[in-house]
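Nothing in this text is a laboratory measurement; each read-out follows from the coordinates by a stated rule. None of these values were measured; they are calculated from a predicted model. A quick note on method: Cβ atoms are made from the backbone with ideal geometry, for glycine too, and the neighbour counts reach across all protein chains shown.
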Amino acid sequence: MPTKPSKQLETLPNPNPERDYEISFEAPEFTCLCPMTGQPDFATIRITYVPDKKCVELKSLKLYLWSYRDEGAFHEAVTNKILSDLVKALDPRRMVVEGDFSVRGGIHTKVRAEHAKKARGQRPEATKVRVEHAKKARGQRPEARGEKS
């Protein structure tokens with residue numbers, strides 16, 4: 001029976017959910033259609049994530065990416081759609097999807113979409129503030145940052 005493209009992403013249990021570790025995939029043969037011209041767009045899709053309870057099964061990921069071959073999609077939309085679908089299926093701790101599209105019309109496009117789980121009860125602004133604070137505090141002695149040495 002021939003293999004067919006599919007939007008169904010299969011998962012498997014994370015063998016080490018107690019540990020943060022990174023999984024990376026690179027799919028150098030991704031294609032979709034330009035929604036304006038109908039011509040093929042070629043890209044390398046890079047996916048990097050830290051799993052929580054589930055990991056993606058690779059053959060289903062391959063068939064999922066293949067399912068875009070005959071679909072019209074803007075680069076920004078398809079990259080974000082891939083991220084959204086993977087986040088929905090896996091609920092990862094962190095994930096980045098990058099679409100590195102071949103030159104079309106003299107323009108090389110890279111789209112990077114990111115997802116990170118929020119800590120329980122944490123407002124999105126709190127994460128941003130903490131990151132900005134850490135950037136400002138770099139290079140200062142602990143007591144200058146308000147910490148005890």
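Among the listed pairs 62/118; 54/81; 59/118; 54/88, give every one whose C-alpha distance is greater than 21 Å.
Values: 62/118 29 Å; 54/81 19 Å; 59/118 30 Å; 54/88 11 Å.
In this structure, 62/118; 59/118 lie more than 21 Å apart at Cα.
Summing Lys, Arg as +1 and Asp, Glu as -1, what charge do residues with Cβ under 9 Å from the Cβ of residue 89 carry, residue 89 excluded?
Values: positive: 54, 88; negative: 10, 85, 91.
Spelling it out: positives minus negatives among the neighbours equals -1.
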Q.
So if I take the alpha carbon set of region 12-98, get Rg, then get Rh from the Kirkwood formula, what is the Rg over Rh ratio?
A. 1.01
Q.
What are the ³J(HN,Hα) couplings of region 10-23, residue after residue, when phi is run through the Karplus curve with 6.51, -1.76, 1.60 and θ = phi - 60°? Round to Hz, x for glycine and proline.
A. 8, 10, 9, x, 5, x, 9, x, 6, 10, 7, 8, 9, 10
Q. Residues with amide H under 5 Å of residue 42's amide H, sequence separation 5 or more or different chain, H placed in the peptide plane at 1.01 Å from N; which?
A. 102
